[in-house]
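The values are calculated or read from the model by the stated rules, or taken from the named source; none is laboratory data. Predicted, not measured: the structure shown is a model, and the values here were computed from it. Here the Cβ positions follow ideal geometry from the backbone for every residue, glycine too, while neighbour counts run over all protein chains shown.
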Amino acid sequence: MGGKKECYSSHNAKKAKLNLDLTIGRNPVTGEVTSRAKLAGGDNATMRLENAQMNYGRKKAELEEAEELYQSNPSTKNSNRLDKARKAFKQAQLDLEAAEEIKGKVDMKKAGE
């Protein structure tokens, strides 16, 4: 193939920038960056609430699994795993409550407008 590699560098740089812009949700015409929440069709509070709900479900399943393992084999390793799962579940509960509270405030603001 003819031509030097340097000849294609600006083309590749433009293409790489375009690909990056598309991944972060930048409008190629206006240059405006769109948030992940808007791309998903909601607002930031809704997205955070959904993430907190998914995280809560995952941590709850991990806690149940750790409890089953500890009941079948109460070793130090399983005890530590159970403690870690309980802490993670507690944190997920707090995160979910906070996300619900924030979502409620945002919804009240929107209703007031």
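Taking the range 8-113 as the region of interest, the helices (runs of 4 or more DSSP H) fully inside it that hold 1 or more residues being at pLDDT 85 or above are 44-72, 76-112. In the range 52-78, the residue that is surrounded by the fewest Cβ atoms within 10 Å (Cβ to Cβ) out of those that are under 29 Å from the mean Cα position of the chain (by Cα) and either of a type in the set (S, T, N, Q) or not assigned by TED's automatic domain parsing to the domain that holds Ala98 (or both) is Gln53.
Of the residues that sit in the range 97-106 and are free of Cβ contacts under 8 Å to residues at least 12 places away in the same chain and of a type in the set (Asp, Glu), which one is nearest to Asn44 (Cα to Cα)? Only one residue fits best here, namely Glu101.
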